[in-house]
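Participant: Attaching a single structure in structure tokens format; questions to follow.
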Amino acid sequence: MPQSLNTHEHSRSSAGLTYVYPVVSRRSGGVSIGINLNPNNACNWRCIYCQVPDLKLGSAPEIDLELLENELTGFLHELLHGSFMSERVPEGLRRINDIAISGNGEPTSASDFDSVVEVIGEVIDESELPLDVKLVLITNGSLVHKPHVREGLKKMASRNGEIWFKFDSATVEGRSRLNDTSISNERVRENLGIAASLCPTWLQTCMFQLDGNPPSRSEREAYIEFVSSMAKEVQGVLLYGLARKPLQPEAERLSPVSKEWMDAFGEEIKMAGLPVKIFF
Ligand code: SF4
């Protein structure tokens, strides 16, 4: 009897495949089909809350598009017609919510990202997936200006696509501290503008305490000023707490913010004119 998946099961290898893995989410009330383009655990950032084991600096390897197509076709067939749902997904969560391109690193670092989106679209066309199933890209947004990424985002838009664009801090210092990247404010703003012009885009923000302190007042003010300036371009903010244990050396220095803190920050974002969804 296969092991049942619980709502904390996010192991990329739980289906025994290279690129495709299931995530059962009580929050979204169903199953998300994950596409992991970074089986090498490589990312161009190193967020201190990252949950990728043995994370290393780098890019996605070349993607075996045929293998991806076969895995996704087979897994969708199993979800729609096989015993996976009844044997491994708790009752009440047996529906497919979305296909999410994310995984163990930055997915847009795959040099054939646009071909990946095309292959996923073709598999969707040939499947019996409900029309409202979304195609989500979870990205740090740092490579959105590259031509192959733009092409992929255009293709996503025609597939009920949605981008979740990582945005943890509006300052260079903050991103250096939290994401270990030196990306400039200009580049973040430009890339976010490109993403939002090509496909509906949500900001995805992780909030937590570092050494017992929540984000400082100046960080919060810079964040609100930035999101307020982008309010007409993005769909809103997905505000996350620390849901699972970080796997980076800083893990012991991180702790969750209180629910009150999160709610108050969510209110500030709403006052700035953006819808907010809080996942605590
Ligand atoms: S961008 Fe994502 S995969 Fe990369 S280090 Fe940050 S949390 Fe991890």
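Participant: Here is a list of conditions, (1) charged (D, E, K, R); (2) within 16 Å of the ligand (Cβ to nearest atom); (3) surrounded by fewer than 17 Cβ atoms within 10 Å (Cβ to Cβ), and residue 132 meets all of them except one; can you say which number that is?
Facilitator: Here residue 132 meets the rest and fails (2).
Participant: Still on this structure: State which residue is farthest from the ligand (Cβ to nearest atom) when the search covers only segment 94-117 and only residues that are small (Gly, Ala, Ser) and surrounded by fewer than 24 Cβ atoms within 10 Å (Cβ to Cβ).
Facilitator: Let us first name the residues in segment 94-117 that are small (Gly, Ala, Ser), namely 100, 102-103, 105, 109-111, 115.
Those left that are additionally surrounded by fewer than 24 Cβ atoms within 10 Å (Cβ to Cβ): 100, 102-103, 109, 111, 115.
Numbers: 100: 13, 102: 8, 103: 8, 109: 9, 111: 17, 115: 21 Å.
Among them, the one singled out is 115.
Participant: Mind listing whichever residues of segment 33-66 are closer than 21 Å to residue 167 by Cβ and either of a type in the set (Phe, Trp, Tyr) or in contact with an Asp or Glu (Cβ under 6 Å, 6 or more places away or on another chain) (or both)?
Facilitator: Of everything in segment 33-66, those that are closer than 21 Å to residue 167 by Cβ and either of a type in the set (Phe, Trp, Tyr) or in contact with an Asp or Glu (Cβ under 6 Å, 6 or more places away or on another chain) (or both) turn out to be 43, 44, 45, 46, 48, 49.
Participant: Can you name every one of the strands (runs of 3 or more DSSP E) wholly within segment 17-127 that holds 1 or more residues which are in contact with a Gly (Cβ under 6 Å, 6 or more places away or on another chain) and modelled with pLDDT under 95? Walk me through it before giving the result.
Facilitator: Working: elements: 20-25, 30-36, 96-102.
So the answer is 20-25, 96-102.
Participant: If residue 239 satisfies all but one of (1) assigned to a strand (DSSP E or B); (2) out of contact with any strand residue (DSSP E or B) (no Cβ under 9 Å at 6 or more places or on another chain), what's the number of the condition it fails?
Facilitator: Status for residue 239: all satisfied but (2).
Participant: Need the failing condition index for residue 51 against (1) touching a residue at least 24 places away in the same chain (Cβ under 8 Å); (2) closer than 20 Å to residue 32 by Cβ; (3) more than 9 Å from the ligand (Cβ to nearest atom), just the number.
Facilitator: (3)
Participant: Now a separate question. Looking only at residues that are of a type in the set (A, V, I, L, M) and more than 11 Å from the ligand (Cβ to nearest atom) in segment 166-182, which one is surrounded by the fewest Cβ atoms within 10 Å (Cβ to Cβ)? Can you show your working first?
Facilitator: The initial filter retains those residues of segment 166-182 that are of a type in the set (A, V, I, L, M), namely 170, 172, 178.
If we keep only those that are more than 11 Å from the ligand (Cβ to nearest atom) too, we end up with 170, 172.
Details: 170: 20, 172: 14.
Looking at residues that are of a type in the set (A, V, I, L, M) and more than 11 Å from the ligand (Cβ to nearest atom), I get 172.
Participant: Then there is this: Within segment 137-152, which residues are more than 16 Å from the ligand (Cβ to nearest atom) and either at positive phi or buried (at least 23 other Cβ atoms within 10 Å of the Cβ) (or both)?
Facilitator: Hit for segment 137-152 is 152, nothing else.
Participant: Taking the conditions exactly as written (within 16 Å of residue 45 (Cα to Cα) and in contact with a helix residue (DSSP H, G or I) (Cβ under 7 Å, 6 or more places away or on another chain)), does residue 149 satisfy them or not? Write out each step before concluding.
Facilitator: On the way: within 16 Å of residue 45 (Cα to Cα): no; in contact with a helix residue (DSSP H, G or I) (Cβ under 7 Å, 6 or more places away or on another chain): yes.
So residue 149 does not fit the description; no.
The values are calculated or read from the model by the stated rules, or taken from the named source; none is laboratory data. Predicted model only: the values in this text are computed from it and were never measured. Neighbour counts run over all protein chains shown; Cβ positions are idealised from the backbone, glycine included.
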